[in-house]
Amino acid sequence: MARFQLPIAVVLNVSTALSFVVFILTRRTEGKIQLPTHANEGDEEVPKHDPFDVTKAEDVADGYPVDEQGFWSKVR
């Protein structure tokens, strides 16, 4: 057993518990960034379409490769 192993373990555990208590006591109940939960909230105008809707018809075609010959020529 290493020398001072028990006192070091005690110090680490106590500092962890103390850090957790300080974290709980000093945390904020509300964060700085708040996203609107409804479409009519917020200062800016809400876009009418989803800006993250970037899928194309080729992306969701099940079982049909877009360019089969080109794919296999790159694989070889």
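Quick notes
- Residue check, V11 modelled with pLDDT of 85 or more, surrounded by 10 or more Cβ atoms within 10 Å (Cβ to Cβ) and among the β-branched types (V, I, T): yes
- Residue within region 20-39 that is of a type outside the set (V, I, T), at pLDDT 75 or above and either surrounded by 10 or more Cβ atoms within 10 Å (Cβ to Cβ) or more than 26 Å from the chain's Cα centre (by Cα) (or both) present: yes
The values are calculated or read from the model by the stated rules, or taken from the named source; none is laboratory data. Because the structure is predicted, anything quoted here is derived from the model rather than measured. Note that each Cβ is placed from the backbone with ideal geometry, even for glycine, and that neighbours are counted across all protein chains shown.
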